[in-house]
Amino acid sequence: MTRLGLTMATDVGLRRQVNEDSAYLTPQVQAIADGMGGHGHGDLASAIAIDVVREFSGTDLGFVVAEIARRLDEQAPFGCGTTLTAMRWDENRFQLGHIGDSRGYLLRSGELRQLTRDHTMVQALVDEGRMSAEEAAEHPRRNMLMRALQSGTEPHRPDLAWHDALPGDRYLLCSDGLTDYVEIEAIHNALYSDRETAAAELVALANGAGGFDNVTCLLIDVPCR
């Protein structure tokens, strides 16, 4: 398997007392889970999700998501929920699993591309042509999730897809504490720094924008041959 470069940075932010983000970072699997703070026990939900990712590291992400849903029903209070965005590598390919509004990005040949689709009410309106992307970014209910992992509810299906990686690719997994408050151009520019500097800069950008939420960033680099 390709030897990946890995870095993680996380911060509680300036307005929260608890960091409800959890993450997992190994050469084979990288994952981020953002607990749903509005429903209470978000830190517990995200921790359960990452515990399952760790326990079944290397397993198909569809199974992992289903197991997280089962564990939440078994171990968490009603309504306790989390997002999950994860990458599972097989040589120079990876499976991407996603549910919620954490995000995955690819920086390749100078172009930053979002690999995931937010499972939010406003994104659904954008997809239907009833709202512009600019309006969605400013909407007061932009964080209202339509799909997530949540105890006591019918399990939602994740988005699952395989992607081919190329030498020189840089991938970013991040919670919405970054993307809700920092312009995509600023994120793009920060990603040109070395990996450790870029991760720290992304967290600083989120806190510089007010630090309204927890923020977590995972950077995954595919080495150039």
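The values are calculated or read from the model by the stated rules, or taken from the named source; none is laboratory data. These figures come from a predicted structure and were not determined experimentally. Cβ coordinates were reconstructed from backbone atoms using ideal geometry, including for glycine residues, and neighbour counts include every protein chain displayed. Accessible surface areas use protein heavy atoms only, side chains included; no ligands, DNA or RNA. Shrake-Rupley method; radii C 1.70, N 1.55, O 1.52, S 1.80 Å.
Exactly one residue out of 196, 201, 154 is in a helix (DSSP H, G or I), without any contact (Cβ under 8 Å) to a residue 24 or more places away in the chain and not small (Gly, Ala, Ser), and it is 201. In the condition set (1) of a type in the set (Gly, Ala, Ser); (2) within 16 Å of residue 36 (Cα to Cα); (3) modelled with pLDDT under 95, residue 136 is compliant with all but (2). Considering 141, 147, the condition of being part of a loop (DSSP other than H, G, I, E, B), of a type in the set (D, E, K, R) and either modelled with pLDDT of 95 or more or loosely packed, with under 13 Cβ neighbours inside 10 Å (or both) is satisfied by 141 alone. When residues in region 53-68 are screened for being within 19 Å of residue 147 (Cα to Cα), surrounded by fewer than 23 Cβ atoms within 10 Å (Cβ to Cβ) and out of contact with any Leu (no Cβ under 7 Å at 6 or more places or on another chain), 3 of them pass.
In region 25-54, the residues that are closer than 17 Å to residue 94 by Cβ and modelled with pLDDT of 95 or more reach residues that are open to solvent by 20 Å² or more (accessible area, probe 1.4 Å) and among the acidic types (Asp, Glu) with C-beta atoms within less than 9 angstrom, at least six apart or across chains, in these pairs: 28/90. Checking each residue in region 184-198 for being within 18 Å of the chain's Cα centre (by Cα) and either modelled with pLDDT under 95 or of a type in the set (Val, Ile, Thr) (or both) picks out 184, 187. Checked against (1) part of a loop (DSSP other than H, G, I, E, B); (2) modelled with pLDDT of 95 or more; (3) touching a strand residue (DSSP E or B) at 6+ places or on another chain (Cβ under 6 Å), residue 160 meets all criteria but (1). Looking across 117, 71, one residue alone is open to solvent by 10 Å² or more (accessible area, probe 1.4 Å), assigned to a loop (DSSP other than H, G, I, E, B) and on the phi < 0 side of the Ramachandran plot. It is 117. For region 150-177, the set of residues classified as open to solvent by 40 Å² or more (accessible area, probe 1.4 Å), in contact with a Lys or Arg (Cβ under 9 Å, 6 or more places away or on another chain) and of a type in the set (A, V, I, L, M, F, W, C) consists of 162, 166, listed by residue number. One residue alone among 177, 168 is farther than 21 Å from residue 65 by Cβ and over 15 Å from the mean Cα position of the chain (by Cα), and that residue is 168. Taken as a whole, the structure leaves residue 68 outside the set of residues that are modelled with pLDDT of 95 or more and touching a Phe, Trp or Tyr at 6+ places or on another chain (Cβ under 8 Å).
Among the residues in region 85-102, are any part of a helix (DSSP H, G or I) and open to solvent by 30 Å² or more (accessible area, probe 1.4 Å)? No, region 85-102 contains no residue that is part of a helix (DSSP H, G or I) and open to solvent by 30 Å² or more (accessible area, probe 1.4 Å).
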